[in-house]
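Novice: Just passing along the structure, written as structure tokens.
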């Protein structure tokens, strides 16, 4: 919360198998709405999302054996 208030929070996201990455735009805390930086400026979640999307599409090697053809 302090990082969001003072402008040092650079990224926040949730991750899962179906959604891959769900970037968070606003955090509600008590009576505050803390806005995060624009999605296009986020280095970490954008890199993870790109990699996970490529992994699901078979565009990068699946080193951990996560993908299963059905």
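Only the coordinates and a few stated rules stand behind these numbers; no lab work does. A quick note: this is a predicted structure, and the numbers were derived from the prediction, not measured. Cβ sites come from the backbone with ideal geometry, for glycine too, and all protein chains shown count toward neighbours.
Novice: Which one is surrounded by the most Cβ atoms within 10 Å (Cβ to Cβ) among residues in region 12-37 that are farther than 21 Å from residue 2 by Cβ and more than 11 Å from the chain's Cα centre (by Cα)?
Specialist: Only one residue fits best here, namely 17.
Novice: For region 1-22, enumerate the residues that are within 26 Å of residue 50 (Cα to Cα) and free of Cβ contacts under 8 Å to residues at least 24 places away in the same chain.
Specialist: 3, 7, 8, 14, 16, 17, 18, 19, 22
Novice: For region 38-58, enumerate the residues that are more than 30 Å from residue 5 (Cβ to Cβ), without any contact (Cβ under 8 Å) to a residue 24 or more places away in the chain and surrounded by 10 or more Cβ atoms within 10 Å (Cβ to Cβ).
Specialist: Residues satisfying the conditions are 51, 54, 55, 58.
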